[in-house]
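Read the structure below first, then the notes.
What follows is calculated from the coordinates using simple rules that are stated; it is not laboratory data. All values reported here derive from a predicted model rather than from experimental measurement. Glycine also receives a Cβ, built like all others from the backbone with ideal geometry; neighbour counts cover every protein chain displayed.
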Amino acid sequence: MFSLTVQTYMMAVDVALGIILGFLFDVFRALRRVLDGGPTRRPWLDALLDAAFWAIALPLVVLAWGLGNWGQVRAFTLLGLALGLGLYAGLGSPVLLPALTATYRSVGGGVIRLGRGTRRAAGALARAVRRGMAGLRTLVGWLLMPVTRPLRWLLAPLLAPVHRALIAPVAARLRRFVLDPWRRGVPSRRRIAAAWRRWRAAMAAWLGPGKGEPPPPRS
């Protein structure tokens, strides 16, 4: 039999545990109000928050009853727990639950506004960088114009045959076999298969009759 002092200590631990569990329940209840405020009910959110509550509450109960009650669960243990829950439900919950809900909403709104502001700032920075690069490219082109224009005029007779013989046919084939099917909006699998068939047909025509065809199956 424990002394009166020890039993009073155990009772105080149980009351404090009830108050803590009530506050923890309101923490998750306010979070559920904020996250599940839409027109549709989300059962998975309730299950997730309930699991999180019990994942925190059970270790607290085991720790309090193991250290505060020396592993003994008696009638006054449950009475103290119920007294703590009742005290919190009558005195703390009417004040703390709206405060927690308002805090969650203000913090969530601040995070959303911060994300939107960061996104706008990143977009403005990206536009400024693009404009700066375009201006730098224009400036470099204008500064190098006295050199590039005579060089282009001198190399034009040499580059024109290369462009007509190599670059233009390759660009036309790429545009015909790759870009055009994608622009027509054909589904991806059909688009890739059609481009593959065109490429095989073009390679077979370029290699000559019979060279691009696969070998006939053996009978």
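Taken as Cα centroids, the stretch 112-158 and the stretch 21-70 sit 55 Å apart, rounded to the nearest whole angstrom.
Here each label is just a point 7 Å from Cα along the line to Cβ, and for residue 54 and residue 192 those points are 4.5 nm apart. Summarised in one figure, the compactness ratio Rg/Rh of the stretch 1-156, Cα atoms and Kirkwood Rh, is 1.49. For the stretch 89-99, backbone phi angles converted through the Karplus equation (6.51, -1.76, 1.60; θ = phi - 60°) give residue-by-residue couplings of 5, x, 10, x, 5, x, 9, 7, 5, x, 5 Hz, Gly and Pro being listed as x. Put simply, the amide H of residue 74, placed in the peptide plane, has no neighbours under 5 Å, leaving out anything fewer than 5 places away on its chain. With θ taken as phi - 60° and the Karplus curve 6.51 cos²θ - 1.76 cosθ + 1.60 applied, the whole-hertz 3J(HN,Hα) list for the stretch 126-141 is 5, 5, 5, 5, 4, 5, x, 5, 5, x, 5, 5, 5, 5, 5, x Hz, x standing for glycine and proline. Here the stretch 1-26 is scanned for amide nitrogen atoms under 11 Å from the site 7 Å beyond the Cα of residue 83 along Cα-to-Cβ, giving 8-16.
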